[in-house]
Amino acid sequence: MTQIDPAVRRRLQYLDAVRGFAMICIVLGHLGIADINRFVFTFHLPIFYLITGYFINKTGSYREFVKKKFRTLIVPYVFTCAVMILLAVLMQKVFVGHGLKAVLMKWIRASLYAAGDSYEEPFYIQQIGAIWFLWSTFWGALLLRWLMEKTAGVRITAVLLLLFVTELSRKLFWFPLSIQTAGTALMFMYFGYLFREAKPRLAKLPDEGKAAGFLFGCFMWAEFVAHFKSFWLVHADLGRGIGDIAASLCACGILLVLFRKLEEKQFPGMKLLSFLGQYSIMMLCAHIIELNLFSWYKLKEVLVISGIREDSCIYFIIGGKLIWSAAMTWIMARCSVTRRIFGFSPDHEKA
């Protein structure tokens with residue numbers, strides 16, 4: 001096996017840890033708690049896009065790149081949908097005993113449309129949930145890889161134009177396969193690409209400049225959280241516009257700096273976060289199954305009947321969600337079948 005340079009290994013570990021932290025935040029963001037959402041929604045999806053864009057390069061042909069992304073993003077999507085459909089039908093048969101066809105068709109339609117949320121206009125669209133993000137990443141990555149062959153002017157124009165088209169079209173009609181989210185995905189991926197290009201020059205900045213930039217970024221992020229209105233990338237909604245985009249980029253940058261420092265200090269939780277980040281697609285798919293099929297409200301009712309205070313039930317629900325997602329990720333990461341389905345090569349480093 002080819003030896004990995006220690007500096008590269010360290011860099012990948014802290015980036016994996018950032019993804020692991022962001023994945024936990026995605027799980028928490030689906031609790032529907034406003035005070036949590038105003039924090040996690042400022043960065044949890046953008047940082048995935050940003051890191052994806054950072055690593056996209058022109059190695060190999062475009063056709064090979066498309067095949068690789070389809071293999072590592074869309075195949076896991078199809079697999080997760082198939083498992084979810086099977087479990088939904090089995091649960092309907094065991095707990096209800098009828099309506100199997102309706103449940104089957106509901107989740108098949110949701111899988112084929114791949115919308116992150118449900119819509120009523122111009123017709124009813126059933127959401128598939130959080131794994132819309134796999135399609136979004138697929139479209140954004142393909143676009144950025146294609147634009148890397150173009151001039152800088154073409155890239156900038158394309159990113160802005162697609163963002164403008166996305167903003168207009170999302171208010172009219174939600175297209176299948178979450179294709180409109182390609183505009184927001186591409187924008188954040190493009191910033192990841194720009195960061196990679198500018199990284200050598202940024203490293204040469206004086207310490208005072210770095211400190212000032214970090215503090216300014218903290219201020220921007222804090223203002224974003226304090227005055228959060230919306231930043232729902234599932235709807236391609238960029239909140240208040242340029243200001244919120246800039247603040248989201250600041251949040252991502254701050255997290256990258258902090259996690260690099262935590263890696264250098266050998267923070268105890270980094271190994272677990274790195275593992276979850278390394279297999280974040282598996283964790284996302286495990287999470288969507290419990291999110292769509294498990295009734296946490298019924299668990300809350302049981303807990304309240306058992307004498308647990310209603311406002312304390314949320315801690316049991318958070319614990320249940322995170323334990324399920326992490327445990328299923330661990331199982332899938334160590335199963336050769338699921339590793340192949342999710343596109344992990346046999347020599348992929350295990351945590």
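Figures for the structure shown
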read-out	value
Using a Förster distance of 25 Å, the FRET efficiency for V94-E301 (Cβ separation, nearest 0.05)	0.80
Potential extension, L31-V337 segment - 0.36 nm per residue separation minus Cα distance	107.1 nm
Total charge dipole magnitude, segment 1-150, about the Cα centre, Cβ charges on Lys, Arg, Asp, Glu only, Debye to nearest 20	560 debye
Cα→Cβ-extended label distance, 7 Å offset, between F175 and L160, nm	2.1 nm
Stretch gain in nm, segment R201-M148, where the contour uses 0.36 nm per residue and the Cα spacing is subtracted	17.0 nm
Amide H partners (placed H, <5 Å) of F41, local residues excluded	none
Nearest 10 degrees, 0 to 90: helix 182-203 Cα axis against the chain principal axis	40 degrees
Rounded to 10°, Cα long-axis angle of helix 242-264 versus longest principal axis of the chain	80 degrees
On Cα atoms only, tilt of 207-226 relative to the major axis of the chain in degrees	30 degrees
The chain: calculated mean residue ellipticity at 222 nm from DSSP helix runs of at least 4, using -39500 (n - 2.57)	-22500 deg cm²/dmol
Segment 6-341 shape via C-alpha gyration tensor axes, a/c threshold 1.5	prolate
Among A333, Y119, V18 - extreme Cα towards positive end, dipole of segment 6-341, charges at beta-carbon	A333
Dipole of the chain, positive direction: furthest Cα of S248, G32, I281, with charges on the beta-carbon	I281
Segment 113-203: GluC sites (Glu not before Pro) in DSSP loop, at most 11 other beta carbons within 10 Å	E120, E149
Efficiency of FRET from Cβ geometry, Y315 and L87, R₀ 25 Å, rounded to 0.05	0.45
Relative contact order [Cα under 8 Å, 6+ residues apart], the chain, whole percent	28 percent
Proxy reagent accessibility, fewest Cβ within 10 Å first, across V154, V225	V154, V225
Y124/E264 FRET efficiency (R0 41 Å; Cβ-Cβ; nearest 0.05)	0.20
Extension gain, A226 back to I242 (0.36 nm per residue minus Cα-Cα distance, nm)	4.1 nm
Dipole magnitude of segment 6-341 about its Cα centre (Cβ charges: Lys, Arg +1; Asp, Glu -1), debye to nearest 20	1260 debye
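Laboratory data are not the source of any read-out in this text; all were calculated from the coordinates shown. These numbers were taken from a predicted model, which means no experiment stands behind them. Glycine also receives a Cβ, built like all others from the backbone with ideal geometry; neighbour counts cover every protein chain displayed.
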